[in-house]
Amino acid sequence: MKNQKLVVLTGAGISAESGLKTFRDSDGLWEGYNIEEVATPEAWHKNPSLVQQFYNERRKAVLEAEPNKAHVLLAELEEQFNVHIITQNIDNLHERAGSNNILHLHGEIVKSRSTFNSDDIYPIKGWELKMGDLCNAGYQLRPHIVWFGESVPLIEPAKEIVSDADIFVIIGTSLQVYPAAGLINYTKPKIPIYVIDPKQIIINNMRFQIIQEKAETGVEQLIKILNSKI
Ligand code: APR
């Protein structure tokens, strides 16, 4: 079992039971802001302080949130499987639950990076990143987040991780944002795919097993299914 590679793609839904809002359940507004105002390079160019404020509020919510049972159960699965987590989430709840192999496709809210060199990355102490906080070379620090319209630098390593998965699990994502949503196409053709989401999902493909539950209940059910196959 330990040599079975279990790859999990997570989205905002896995953090919903930790109290962090999803994107598309909040009718297009993200905590009352238009995405274009706060999560694009143009927004940063136009009003960087508003962008900093938006992510500071998000960061505060993340630091006040706790990993839920779904995050914890995924971390515990590492005892039985070679688990790799690919997340679209910018929160650090997978890390805080104890998972090890985590790839953040859309960045990490608890980190900042230089506006001069995107590889120059820093941890953010506390919840606030301010205009005037500079990298070691003296350039302004920005949130280490992939904004809409920016490329997803980690998508190639993510495809690699998915390409030799023995089991693929999708939890709490509407699969509406590419290239993340396209990862499913990089799995080996016959491996089982489990989808955990409380909304009804209809996929006419034998290898998909839908678990129509919220993440905490859904991951519990998934573990029962996986254990029944040992
Ligand atoms: N448990 C599991 N899934 C849930 C729960 C829950 N408690 N509550 C909602 N969901 C599901 C919703 O049904 C939906 O399918 O989680 C999914 C959330 O979808 P989105 O809000 O679109 O979030 P996500 O798929 O992660 O968005 C992808 O889009 O906005 C960008 O960059 C942002 O990473 C984000 C990306």
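The values are calculated or read from the model by the stated rules, or taken from the named source; none is laboratory data. All of these numbers come straight from a predicted model, not from anything done at the bench. No Cβ is skipped: glycine too gets one built from the backbone with ideal geometry, and neighbour counts run over all protein chains shown. Surface areas here come from the heavy atoms of the whole protein model, side chains and all, with no ligands, DNA or RNA. Shrake-Rupley method; radii C 1.70, N 1.55, O 1.52, S 1.80 Å.
Take peptides 172-178, 76-82, 222-228, 199-205 and line them up by average Cβ neighbours within 10 Å, highest first, as a rough protection proxy.
Values: 172-178: 17.3, 76-82: 15.6, 222-228: 14.0, 199-205: 8.3.
Ranking, from highest mean packing down: 172-178, 76-82, 222-228, 199-205.
Taking Cα atoms, how many degrees apart are the long axis of helix 215-228 and the longest axis of the chain, rounded to 10 and kept between 0 and 90?
Rounded to the nearest ten degrees, it is 40.
Return the long-range amide H neighbours of residue 211 (sequence gap of 5 or more, or a different chain), with a cut-off of under 5 Å between placed amide H atoms.
For residue 211, the qualifying residues are 195, 196, 197.
Return the sequence-ordered ³J(HN,Hα) values of region 71-83 in whole Hz as given by the Karplus equation 6.51 cos²θ - 1.76 cosθ + 1.60 applied to θ = phi - 60°, using x for Gly and Pro.
Result, rounded to whole Hz: 4, 5, 4, 5, 5, 5, 4, 5, 6, 10, 10, 8, 8.
Charges on Cβ only, +1 for Lys and Arg, -1 for Asp and Glu, centred on the Cα centroid of the chain; of 104, 3, 20, which one is farthest towards the dipole's positive end?
3
So who's got an amide H within less than 5 Å of the one on residue 30, skipping anything under 5 residues away but keeping other chains? H placed 1.01 Å off N, in plane.
35
Just to be sure I understand: of the beta bridges DSSP finds with both ends in region 9-145, what percent are antiparallel, rounded to 5? Don't skip to the answer; put the middle values down first.
Numbers: 10 of 15 bridges.
Antiparallel bridges: around 65 percent, rounded to the nearest 5.
Leaving out ligands, DNA and RNA, what percent of the accessible area of region 136-230 is carbon and sulfur, probe 1.4 Å? Numbers along the way, then the final one.
Values: 2710 of 5120 Å².
Roughly 53 percent of what the probe reaches on region 136-230 is carbon or sulfur.
How large is log10 I(q)/I(0) at q = 0.16, 0.22, 0.25 Å⁻¹ when the Debye formula is applied to the Cα atoms of region 99-143, each weighted equally and without solvent?
One equal scatterer on each Cα of region 99-143 leads to -0.43, -0.74, -0.89.
Per residue, what accessible area does region 1-112 have, given a 1.4 Å probe and all protein chains present, in Å²?
On the way: 4770 Å² over 112 residues.
That works out to 43 Å² for each residue.
Looking only at region 79-121, which residues have a backbone nitrogen under 18 Å from a spot 7 Å from the Cα of residue 136 in the C-beta direction?
Answer for this model: 111-121.
Spelling out what I want: for every residue of region 130-145, take phi, set θ = phi - 60°, compute 6.51 cos²θ - 1.76 cosθ + 1.60 (Karplus), and round to whole Hz; glycine and proline get x.
Working through the residues one at a time gives 10, 4, x, 7, 10, 6, 4, 8, x, 9, 4, 8, 10, x, 7, 10 Hz.
Measuring from a point 7 Å past the Cα of residue 60 along Cα-to-C-beta, which residues in region 106-148 have an amide N at less than 13 Å?
Residues 127-129 fall inside that zone.
Suppose we keep just the alpha-carbon trace of region 79-230; what are its Rg and Dmax in angstrom?
For region 79-230, the Cα-based Rg and Dmax read 17.9, 56 Å.
Add -39500 (n - 2.57) for each DSSP H run of 4 or more in the chain, then divide by its residues: what number comes out at 222 nm, to the nearest 500 deg cm²/dmol? It would help to have the intermediate numbers written out before the result.
Numbers: 7 runs with 63 residues, N = 230.
Counting only the DSSP helices, I get -7500 deg cm²/dmol.
What FRET efficiency would be calculated for the residue pair residue 47, residue 181, taking the C-beta separation as r and a Förster radius of 35 Å, to the nearest 0.05? Write down the numbers at each step before the final one.
Details: r = 30 Å, r/R0 = 0.85.
FRET efficiency, residue 47 to residue 181: 0.75.
Which distance in Å, rounded to a whole number, links the C-alpha centroids of region 80-129 and region 149-165?
For region 80-129 versus region 149-165, the Cα centre distance is 15 Å.
Please turn the phi angles of region 200-211 into ³J(HN,Hα) values with the Karplus equation 6.51 cos²θ - 1.76 cosθ + 1.60 (θ = phi - 60°), one per residue in order, whole Hz, x for glycine and proline.
6, 10, 10, 10, 8, 8, 3, 7, 8, 10, 8, 10
Put a dot 7 Å past each Cα toward the Cβ at residue 125 and residue 80; how far apart are the dots in nm?
With each label point 7 Å from Cα toward Cβ, the separation is 4.2 nm.
Enter the Cα centre distance for the pair region 212-227 and region 193-209, rounded to the nearest angstrom.
13 Å
Would you please give the residues with an amide H less than 5 Å from that of residue 169, counting only those at least 5 places away or on a separate chain, with H modeled from the backbone geometry?
It is 7, 8, 9, 194, by chain and number.
May I ask you to derive the FRET efficiency for residue 3 and residue 208 from their Cβ-Cβ distance with R0 = 25 Å, giving the value to the nearest 0.05? Walk me through the numbers before you get to the answer.
Numbers: r = 24 Å, r/R0 = 0.96.
It comes to 0.55.
In Å and on Cα atoms, what radius of gyration and Dmax does region 1-114 show?
Answer for region 1-114, Rg first and Dmax second: 15.5, 52 Å.
Calculate how steeply helix 48-64 sits against the longest principal axis of the alpha-carbon atoms of the chain, using the helix alpha-carbon long axis, and give the answer as 0 to 90 degrees to the nearest 10.
With both axes taken from Cα atoms, the answer is about 40 degrees.
Please work out how much length the chain gains when fully extended from residue 36 to residue 224, using 0.36 nm per residue of separation minus the C-alpha to C-alpha distance, in nm with one decimal.
This chain segment gains 63.5 nm when fully extended.
How high is the relative contact order of the chain, given as a whole-number percent (alpha carbon pairs under 8 Å, six or more residues apart)?
Values: 421 pairs, mean separation 53.3, N = 230.
Relative contact order here is 23 percent.
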